[in-house]
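Here's the structure, in structure tokens; my notes come after.
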Amino acid sequence: MKSYGAAAVTLALGAGVLMTGCSTNECSAGSVCGNSNAVGPKATGDAGAQGDAPLAFTVEEVNPWDNCDGGVGVVFMKPPTLDAAAAELKGNVAVTTAEESAAFWKRLATFGNAHEAATADRTIIRLNVQGKSGRAVTVKNIAVKPQEVQPLPKQSLRLQYAGGCGDANMSRFAANLDTKSPKLEFKDGQSDTGSMRVRGFPVTVSESDPENFVIVAFTSSGLHRFSLSIEWSSDGVSGTTEVKSADKKEFAVASGIGGPQYTYGQDGKFRPITFRMNPEDPFADVLPLASP
């Protein structure tokens, strides 16, 4: 199984889901694959196997503060003052060990929870799916299940770290969250050797041949909470397995458009964000914030 991190792609504005995946049977029937050179702190994954389902999964979300791992910051529903935020963010400058780094990210997560922070614009979800035995399991689809949509509060604050990292070769899919039944739609993608990726489901997994997916859920308005549903079949039996975040809650992502937006630089200064994503294509060049 090829191992890789989430791509450090551009911000995604415009309701939808982008999806990439990877397996050992790289370009054979039913395989979707990709890799990247992005690195950074990672959220704790959670193993899941529901009932008598013949498959198991682990799930992990990219730290939204980690720009080098594709994170694009957070939106605070109960905004802190910039001075209070700076007091938390500047702690990363003094980090020199893995233990200090873990403690810093934990403190920042606690600060975010206190101010009702949600991932800004997009959330990157890494999902590993495998069988529980040598018996083949067909993953027929991974569906997005919207749970709740709320308008942003009149006062919100979006913050992100400045900086950036590399890109990746991958297969990319999109699904419009605003539709009644979101469905994955292939966008583009290629392997490291330049060959075209297989374009979607079904995908076959087993205990010895797992599959990695990177799912990027994004929005241009409001606060969205959702879960995922793995639709599978094996030996004539079909079922679904629900996927939530590592803390068993729905995934959440909020649009950064609406309230004040700042980047926090390595010099300890806040600067206004002056760009936004192209709502027609989240992988296209960014647009001026005031553009239509």
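The values are calculated or read from the model by the stated rules, or taken from the named source; none is laboratory data. Note that the structure is predicted; figures quoted are calculated from it, not measured. FYI the Cβ positions are ideal-geometry reconstructions off the backbone, even for glycines, and counts take in every protein chain you see.
When region 72-104 is filtered for residues that are of a type in the set (Ser, Thr, Tyr) and more than 22 Å from the chain's Cα centre (by Cα), the ones remaining, listed by number, are THR81, THR96, THR97. Scanning region 243-267 for residues that are under 17 Å from the mean Cα position of the chain (by Cα) and over 19 Å from ASN67 (Cβ atoms) yields a total of 10.
Among the residues making up region 108-128, those that are among the hydrophobic types (A, V, I, L, M, F, W, C) and either in contact with an Asp or Glu (Cβ under 8 Å, 6 or more places away or on another chain) or closer than 20 Å to GLU211 by Cβ (or both) are LEU108, PHE111, ILE124, ILE125, LEU127.
Here region 180-234 is the region considered, the condition is being farther than 30 Å from LEU157 by Cβ, among the polar types (S, T, N, Q) and at pLDDT 65 or above, and the residue that is surrounded by the fewest Cβ atoms within 10 Å (Cβ to Cβ) is SER181. Between GLY268, GLY256, the distinction of being modelled with pLDDT under 90 and surrounded by 11 or more Cβ atoms within 10 Å (Cβ to Cβ) belongs to GLY256 only. Return yes or no: is GLN160 surrounded by fewer than 18 Cβ atoms within 10 Å (Cβ to Cβ) and of a type in the set (S, T, N, Q)? Here the answer is no, as GLN160 does not meet what is asked.
Restricting ASP66, ASP46, ASP52, ASP121 to those that are surrounded by fewer than 20 Cβ atoms within 10 Å (Cβ to Cβ) and modelled with pLDDT of 75 or more reduces the list to ASP52. Name the residues in region 88-139 that are over 27 Å from ALA56 (Cβ atoms), outside any helix (DSSP H, G or I) and either out of contact with any helix residue (DSSP H, G or I) (no Cβ under 6 Å at 6 or more places or on another chain) or of a type in the set (Phe, Trp, Tyr) (or both), would you? Those that are over 27 Å from ALA56 (Cβ atoms), outside any helix (DSSP H, G or I) and either out of contact with any helix residue (DSSP H, G or I) (no Cβ under 6 Å at 6 or more places or on another chain) or of a type in the set (Phe, Trp, Tyr) (or both): THR96, THR97, HIS115, GLU116, ALA117, ALA118, ALA120, ASP121.
With respect to (1) acidic (Asp, Glu); (2) in a loop (DSSP other than H, G, I, E, B); (3) modelled with pLDDT of 90 or more, the lone exception for ASP83 is condition (2).
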